[in-house]
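Worksheet: the structure to be examined is printed underneath.
Every number here is computed from the coordinates shown, using simple stated rules; none is lab data. Please read all numbers here as calculations on a predicted model, not as lab measurements. Because the Cβ atoms are built from the backbone with ideal geometry, glycine has one as well, and the counts that use them run over all protein chains shown.
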Ligand SMILES: *Cc1c(COP(=O)(O)O)cnc(C)c1O
């Protein structure tokens with residue numbers, strides 16, 4: 001497996017030669033950072049292919065908004081393009097401008113649409129804003145006319161989430177309005193509110209609502225399902241599916257075995273190991289107190305790195321399969337874990353322990369923190385030494 005180090009998020013100033021104390025550049029970058037984040041691009045490709053197999057009748061786009069959920073859109077998107085993904089979604093125009101540099105050929109949709117004044121930038125970078133309402137449609141139509149652009153446009157309908165999109169009752173008028181313009185409707189999309197709850201009656205209701213629009217836009221491609229929607233069955237796949245989280249290893253079927261390959265491993269450096277007597281107050285506010293003699297390890301990752309402060313007193317580090325509980329409060333740059341149960345010599349100065357890994361993935365950490373795997377990923381900090389595999 002190829003291993004490439006990307007020193008830039010951590011230490012852009014490191015010389016690209018062996019340092020004369022014998023440490024390689026990679027070891028030095030890792031030594032200068034409190035945590036090591038490994039992102040398995042091969043696993044992202046396998047997840048893309050698994051989703052393609054799950055939705056065989058549909059085109060599979062990739063959602064790479066928020067810097068590919070924190071994993072680096074500039075690294076993730078080209079790898080997906082190389083295995084045949086030709087359609088990408090971002091949330092913001094600036095993300096699309098950045099992505100266009102890495103993907104000269106792909107179709108790039110902007111989910112939040114173009115804010116007033118951003119239409120010309122979209123046209124210049126061949127970005128397709130999702131038109132979510134009349135104001136956006138008129139502004140886009142005007143900008144497109146001025147630029148001489150006659151291509152297809154993407155429209156979203158609100159089928160039951162009250163977040164983005166035209167009302168379903170707008171459909172006939174929208175179709176007529178676009179027929180008068182130089183544009184055509186290339187994509188009609190909507191988004192499921194409750195796709196991670198398969199039994200929720202909102203799912204078939206939203207599916208039936210978007211299906212009712214098909215005859216009004218007979219030539220458009222239709223899209224409804226994101227990661228979880230793909231697992232609701234083929235009647236949700238329509239022409240195009242738009243997974244994000246599942247590509248990055250988040251389970252699209254919460255409560256069931258995760259069908260996706262894990263993508264992220266986060267390890268933290270052991271800065272210090274000590275034994276404290278019973279009664280010792282540990283960390284800020286002495287929020288924890290040692291019930292008896294306790295062996296503690298201090299790790300160099302904290303809430304400034306996106307390790308949630310809500311994990312105070314309830315998060316975990318892992319030594320292979322052995323859980324090492326977080327003791328006391330998560331600090332900005334460090335946490336303290338109880339290593340009393342680790343066999344002697346197995347947790348030492350300079351070692352790495354897993355914070356996200358085989359024993360506890362992004363969904364598990366999200367659960368402990370009272371959030372979801374999505375937020376764990378998108379919170380991953382900028383200070384880690386990042387390694388990309390595959
Ligand atoms: C974020 C998003 C997606 C991807 O969702 P996942 O649950 O991460 O697969 C798809 N469509 C829209 C409209 C989104 O906002």
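Computed values, structure above
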quantity: With Cα atoms, 0 to 90° folded angle of helix 93-102 axis to the chain main axis; calculated: 80 degrees
quantity: Calculated FRET value between residue 120 and residue 219, using beta carbons and R₀ = 25 Å, to 0.05; calculated: 0.40
quantity: q = 0.16 Å⁻¹, the stretch 264-389: log10 I(q)/I(0) [Debye, one scatterer per Cα]; calculated: -0.72
quantity: Rg/Rh (Cα only; Kirkwood hydrodynamic radius) as it applies to the stretch 186-326; calculated: 1.22
quantity: Choice from 143, 209, 176 with maximal GNM fluctuation in the chain (Cα, 10 Å cutoff); calculated: 176
quantity: Kirkwood-Stokes translational diffusion coefficient of the stretch 186-263, alpha-carbon pairs, 10 °C, 1.306 mPa s, µm²/s; calculated: 122 µm²/s
quantity: Computed over the stretch 264-324, Cα set: Rg, Dmax in Å; calculated: 12.4, 37
quantity: Spatial separation of Cα centroids for the stretch 49-120 and the stretch 205-267, in angstrom; calculated: 15 Å
quantity: Residues 284, 388 arranged by fewest to most Cβ contacts within 10 Å; calculated: 284, 388
quantity: Difference of contour (0.36 nm per residue) and Cα-Cα distance, residue 161 to residue 257; calculated: 31.8 nm
quantity: Net length gained if the chain between residue 177 and residue 344 were fully extended (0.36 nm per residue, minus Cα distance); calculated: 52.8 nm
quantity: Estimated FRET transfer efficiency (residue 145, residue 309; beta-carbon r; R0 56 Å; 0.05); calculated: 0.65
quantity: Approximate spin-label separation residue 367-residue 323, in nm, with each point projected 7 Å along Cα-to-Cβ; calculated: 1.0 nm
quantity: Highest-fluctuation residue, 217, 307, 109 considered, GNM on the chain with Cα pairs under 10 Å; calculated: 217
quantity: The chain, Cα convex hull volume normalised per residue, Å³; calculated: 161 Å³
quantity: Packing-based order for 222-232, 290-300, using average beta carbon neighbours within 10 Å, highest first; calculated: 222-232, 290-300
quantity: With Cα atoms, 0 to 90° folded angle of helix 202-211 axis to the chain main axis; calculated: 30 degrees
quantity: Helix 41-54 axis, angle to the chain major axis (alpha carbon atoms, nearest 10°); calculated: 40 degrees
quantity: All-pairs Cα distance distribution in the stretch 41-248, expressed in whole percent, bin size 10 Å; calculated: 9, 36, 38, 17, 1
quantity: Gaussian network model of the chain, Cα within-10 Å springs - most flexible of 207, 145, 329; calculated: 145
